[in-house]
Amino acid sequence: MDLYAFDACRREGLTGPLCGIDEAGRGPLAGPVFAAAVILRPEPVIEGLNDSKKLTAKRREALYEIITRQAAAYAIAYFDAETIDRVNILQATFLAMRRAMADLPQPPALALVDGNRDPGLGVPTELIVGGDGQSAAIAAASILAKVARDRTMLRLAEAYPEYRFDKHKGYGTPLHYELLRTYGVSPIHRKSFLRKMQPAPPALGPMGERYTAGYLEKAGYTILAHNYRSRYGEIDLIACDSNHLLFVEVKTRTEHAMVEGRQAVDRRKQTRILRTALQYLSEHPDTRQPRFDVAEVVASREGDRVIGFTYLDNAFGMEGYHATF
């Protein structure tokens, strides 16, 4: 039986609409949990609906646009990490499901819910284990919830670039755990999922910036600004000598970390730094040659001293090592 035929059987005898409900993001260590509720029209059939986990990201994005355009009604809701920690992930998921259903223009006559736990929707409900691979409406809900959450994690990746949420979407990958060991738990992490993780060593970032500023001053540079901010982001240090104007990104990590500081300065981060530098130049016109550098500072595991330092001049091209130990 195909997914639309499954829904057609459930729709027989109903005096109101059939709704599919599913969630995304119960398992990750960070970010919100999402839920979606979808009422599909029997026609036209949306080809390719399936469990969102079985679809590529590109296909999910394409289906998201089709579903939101062709569905009779849909709603997407979420609850953040703070709520998850306060009420637990299961109850936060149920809250998101109830909110999504409540945001539909009318309550459904029957709600098909993926899973084996009743979220307490207040309407007739059928629980279907593996429902996102059986029901068209549930499959559509799983796609909307998944895409909405992934888009949110990409925005959070810009706010917290050190955690690389664009790579793992908050799931517990080896990279994510390594970054947690390096930077500690962020405000958007689920503390209840990470009770054994410790906060980042105190003032680790500022320590690295102070060390780098001292290095530059000893090398004959003048520090013009610390932590210059724009609406695009922040530049840790701005310095100059008679010929160059330096925009310096400082990345501080603890020893034995698998991720090098330069790896965190990806193209997206470089673009933010460039835009911030342009704003600085608009406010402080300067004829010296601009240069974008990266300082990699390695701190002891306790975070109380610098044990390694690499300074890369013209770092966006990674063309030269100015100093290292």
Q: Any residue in segment 158-169 that's on the phi > 0 side of the Ramachandran plot and of a type in the set (Gly, Ala, Ser): show its pairings with residues that are part of a helix (DSSP H, G or I) and open to solvent by less than 30 Å² (accessible area, probe 1.4 Å) at Cβ separation under 7 Å, as long as the two are six or more apart or on different chains.
A: none
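Output the number of residues of segment 1-31 satisfying the condition of being closer than 20 Å to ALA100 by Cα, open to solvent by 40 Å² or more (accessible area, probe 1.4 Å) and outside any strand (DSSP E or B). Working first, answer last.
Initially, segment 1-31 is screened for residues closer than 20 Å to ALA100 by Cα, giving 7, 16-27, 31.
Imposing the further condition that a residue be open to solvent by 40 Å² or more (accessible area, probe 1.4 Å) reduces the set to 23, 26-27.
Going one step further and asking which of them are outside any strand (DSSP E or B), we end up with 26-27.
Number of matching residues: 2.
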**Q.** Odd one out for TYR183, checked against (1) open to solvent by 20 Å² or more (accessible area, probe 1.4 Å); (2) at pLDDT 95 or above
**A.** (2)
Q.
For the structure I just gave you, tell me whether GLY130 is open to solvent by less than 40 Å² (accessible area, probe 1.4 Å) and in contact with a Leu (Cβ under 8 Å, 6 or more places away or on another chain).
A. no
Q.
Restricting to segment 32-80, name every residue that is charged (D, E, K, R), over 19 Å from ASP7 (Cα atoms) and surrounded by 14 or more Cβ atoms within 10 Å (Cβ to Cβ).
A. ARG59, ARG60, GLU61, ASP80
Q | Selected residue [free of Cβ contacts under 8 Å to residues at least 40 places away in the same chain and of a type in the set (S, T, N, Q)] from GLN91, GLN106 | A | GLN91
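The values are calculated or read from the model by the stated rules, or taken from the named source; none is laboratory data. All of these numbers come straight from a predicted model, not from anything done at the bench. Every residue, glycine among them, receives a Cβ derived from its backbone with ideal geometry; neighbour counts consider all protein chains shown. Protein only, heavy atoms only, side chains kept; ligands, DNA and RNA dropped before computing areas. Shrake-Rupley method; radii C 1.70, N 1.55, O 1.52, S 1.80 Å.
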